[in-house]
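Engineer: Here you go, one structure.
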Amino acid sequence: MVDRTFTGAAPMTIKNLGDLFLHTLKDVLYAERQILKALPKMERKATDPTLKAILSSHQEETEDHVARLEQVFDILGKPARGAKCDAMIGLVEETENLMAEIDDKEAMDAALISLAQAVEHYEIARYGTLVAWAKQLDHANAAALLKETLDQEYGADKALSKLAETHLNAEAAA
């Protein structure tokens with residue numbers, strides 16, 4: 001299968017904050033598209049109904065994240081092309097490997113929360129940085145779109161933490 005989210009073009013030369021901003025947007029677009037591929041697999045492996053619902057909801061939110069990123073590229077007058085994100089490739093690979101190794105359904109649910117939160121934390125770091133850079137570069141509309149996604153990432157992380165802390169971790173430990 002050909003991965004069309006990576007252009008295969010030579011890496012861009014980063015000369016200033018604007019270039020770095022664009023590079024990071026491409027990185028995050030690639031990452032979000034990888035997440036869209038991973039979330040359905042994670043949802044199928046989940047056994048807790050609330051976890052399944054959170055993963056399903058985040059699938060829909062992630063589709064919105066991609067659409068917002070495409071809007072940001074439009075604002076900048078640039079094509080919405082992803083650039084290979086080694087961090088997300090690693091997180092997705094770790095997710096797939098760990099899901100293949102776990103037989104216990106409670107341990108699987110605990111692992112899925114942990115893995116999803118690793119992805120959320122990466123995204124929170126990236127979107128937080130992008131919001132700050134967009135403001136610095138006077139891209140107010142882009143900053144607002146990116147902040148909306150950042151807020152959703154925080155919300156997903158909080159929902160996962162609450163689920164883990166209220167019962168899933170305890171069930172996995174039993």
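Engineer: Only Cα pairs within less than 10 Å get springs; with that Gaussian network setup on the chain, which residue of 77, 128, 155 has the largest fluctuation?
Structural biologist: 77
Engineer: Enter the angle in degrees (range 0 to 90, nearest 10) between the Cα long axis of helix 86-101 and the first principal axis of the Cα atoms of the chain, meaning the one along which they spread out most.
Structural biologist: Once rounded, one gets 10 degrees.
Engineer: If every alpha-carbon in the chain counts as one equal scatterer, what log10 I(q)/I(0) does Debye give at q = 0.17 1/Å?
Structural biologist: Scattering profile of the chain, log10 relative to I(0): -1.01.
Engineer: Separate question: For a test of the definition: using alpha carbon positions, the gyration tensor, and the 1.5 limit on a/c, classify segment 34-95 as rounded, prolate or oblate. Write down the numbers at each step before the final one.
Structural biologist: Details: a/c = 4.40, a/b = 1.70, b/c = 2.59.
Oblate shape, in that a/c is at least 1.5 and b/c is the bigger or equal ratio.
Engineer: Which residue, 69, 39, 137, tops the fluctuation ranking in a GNM of the chain built on C-alpha contacts under 10 Å?
Structural biologist: 137
Engineer: Ordered by residue, what ³J(HN,Hα) values in Hz, to whole numbers, does segment 148-160 give under the Karplus form 6.51 cos²θ - 1.76 cosθ + 1.60, where θ = phi - 60° and Gly and Pro are x?
Structural biologist: 4, 5, 4, 4, 5, 5, 4, x, 5, 4, 5, 4, 5
Engineer: Let me ask something else. Which lysines have a Cα lying under 29 Å from the Cα of residue 37, excluding residues fewer than 8 positions away in the same chain?
Structural biologist: 26, 45, 52, 78, 84, 105, 147, 158, 162
Engineer: If you build a Gaussian network model of the chain, linking Cα atoms that sit under 10 Å apart, which residue out of 140, 110, 46 swings the most?
Structural biologist: Answer for the Gaussian network model of the chain: 140.
Read-outs: derived from the displayed coordinates by stated rules, not from any lab. What you see is a predicted model, and the numbers here were worked out from it, not measured in a lab.
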